[in-house]
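Okay, structure first, notes after.
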Amino acid sequence: MKRDYAVIGLGRFGGSVCRELSLEGMPVLAIDLNENRINEFKNIASHAVIADATDEATLKELGINNIDHVIVAIGDNIQASILTTVMLSDMGIKKITVKAQNDYHERILKKIGAHQVVHPERDMGKRIAHSIISNNILDYLELSDEHSIVEVKAGEKMVGKTLAELGIRAKYGCNVVAIKSGDDINVSPGAQLRLQADDILIVVGSNDDISKFEKHLVIDN
Ligand code: ADP
């Protein structure tokens, strides 16, 4: 099902969201104060309009009320981001995603009706830090403030052992939700599954448990 999207603020983050949605064939209304940014997106988004999103009348004229999902990607101007979000929330937009600059900004955004708050730089920093720690850590994603999911390659400490022998659940409190082995993917790996070289495990757990699991079984030393 195609949904209508609007992206407000076409900096590096908003611009990238707008470009990807458009590439996926989604109708996107792109809004920015800056004429150069709008010119850049004229041939990418379905509509690209120079407008100040903090002006409620303008937002209504643009028909923002009829859009299913609005992404607010206004950069450093926290005041404009908050004002825009509160207006969108008052209009009853079904889904509002906002890029936050910091934790205080996030708390305010959640209080005033943002459904999803994202921190792209912070999250990318964490992912990169984990991949730097070990070549065996392929990806790291926060599910919430307390839980994460990691994608790891079976290294020398794991190859040839079963999940039970490694004690991933018993010792580290983590759950292996899937194992990719070449082109095969096993979405309910049993405790007796023996790991082979280059197997990739998808593991879920609390941040502390994931950290223990990484330290003891993933990082070669
Ligand atoms: P990033 O960190 O993602 O690169 P930037 O700060 O570079 O973000 O970009 C934010 C964009 O938001 C800029 O293109 C800016 O013109 C736009 N913007 C800022 N305030 C408003 C506003 N009130 N209405 C519409 N667009 C805005």
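The values are calculated or read from the model by the stated rules, or taken from the named source; none is laboratory data. Predicted model only: the values in this text are computed from it and were never measured. For neighbour counting, all protein chains shown are included, and Cβ atoms are generated from backbone atoms with ideal geometry for every residue, glycine included. Areas reflect the complete protein model, heavy atoms only, side chains present, ligands, DNA and RNA absent. Shrake-Rupley method; radii C 1.70, N 1.55, O 1.52, S 1.80 Å.
Using a cut-off of 11 Å between beta-carbons, work out the net charge of the residues near Gly173 (Lys and Arg +1, Asp and Glu -1, Gly173 not included). Display every interim value, and only then the final one.
Values: positive: Arg169, Lys171, Lys212; negative: Asp208, Asp209.
Charge balance in the 11 Å sphere: +1.
With angles folded into 0 to 90 degrees, how steeply does helix 12-23 sit against the dominant principal axis of the chain? Use alpha carbons for both and round to 10.
90 degrees
Charges on Cβ only, +1 for Lys and Arg, -1 for Asp and Glu, centred on the Cα centroid of the chain; of Gly167, Ala197, Ile74, which one is farthest towards the dipole's positive end?
After comparing all options, I get Gly167.
Check the straight Cα-Cα distances from Lys171 and name the aspartates and glutamates below 20 Å, setting aside those fewer than 8 residues away within the same chain.
Glu146, Glu151, Glu156, Asp208, Asp209, Glu214, Asp220
Against the longest alpha carbon principal axis of the chain, how many degrees, from 0 to 90 and to the nearest 10, is the axis of helix 120-133 turned?
20 degrees
Given 4 °C and 1.567 mPa s, compute D for the chain with the Stokes-Einstein relation, Rh being the Kirkwood radius over Cα pairs; round to the nearest whole µm²/s.
Translational diffusion coefficient: 66 µm²/s.
Give me the net charge for the shell around Asn65: Cβ to Cβ below 13 angstrom, other residues only, Lys and Arg +1, Asp and Glu -1.
Value of the local net charge: -3.
Quick one: which of Lys42/Lys126; Lys126/Lys212; Lys42/Lys94 span more than 23 angstrom between C-alpha atoms?
Checking Cα-Cα distances, Lys42/Lys126; Lys42/Lys94 exceed 23 Å.
Angle, helix 78-90 long axis vs. longest principal axis of the chain, Cα atoms, 0 to 90°, nearest 10?
The angle comes out at about 80 degrees.
If you roll a 1.4 Å probe over the heavy atoms of the protein chains, what accessible area per residue do you get for the chain, in Å²?
Normalised by residue count, the accessible surface of the chain is 55 Å².
Remind me, relative contact order of the chain in percent, using alpha carbon pairs under 8 angstrom and six or more residues apart? Mind dumping the intermediate values first?
Working: 418 pairs, mean separation 29.5, N = 221.
Relative contact order of the chain: 13 percent.
Rounded, prolate or oblate: which fits the stretch 129-221 when a ≥ b ≥ c are the square roots of the eigenvalues of the alpha-carbon gyration tensor, with rounded for a/c under 1.5 and prolate only if a/b beats b/c? Don't jump to the answer; show the numbers that get you there.
Details: a/c = 1.37, a/b = 1.27, b/c = 1.08.
Rounded is the answer for the stretch 129-221, as its axis ratio a/c remains below 1.5.
Roughly speaking, what is the stretch gain from Val177 to Glu156, that is 0.36 nm per residue apart minus the C-alpha to C-alpha distance, in nm to one decimal? The partial results should precede the final answer.
Details: separation 21, 0.36 × 21 = 7.56 nm, distance 2.06 nm.
Using 0.36 nm per residue and subtracting the Cα-Cα distance, I get 5.5 nm.
Distance between Cα centroids, the stretch 175-204 to the stretch 50-102: provide it in whole Å.
When both Cα centres are located, 42 Å separates them.
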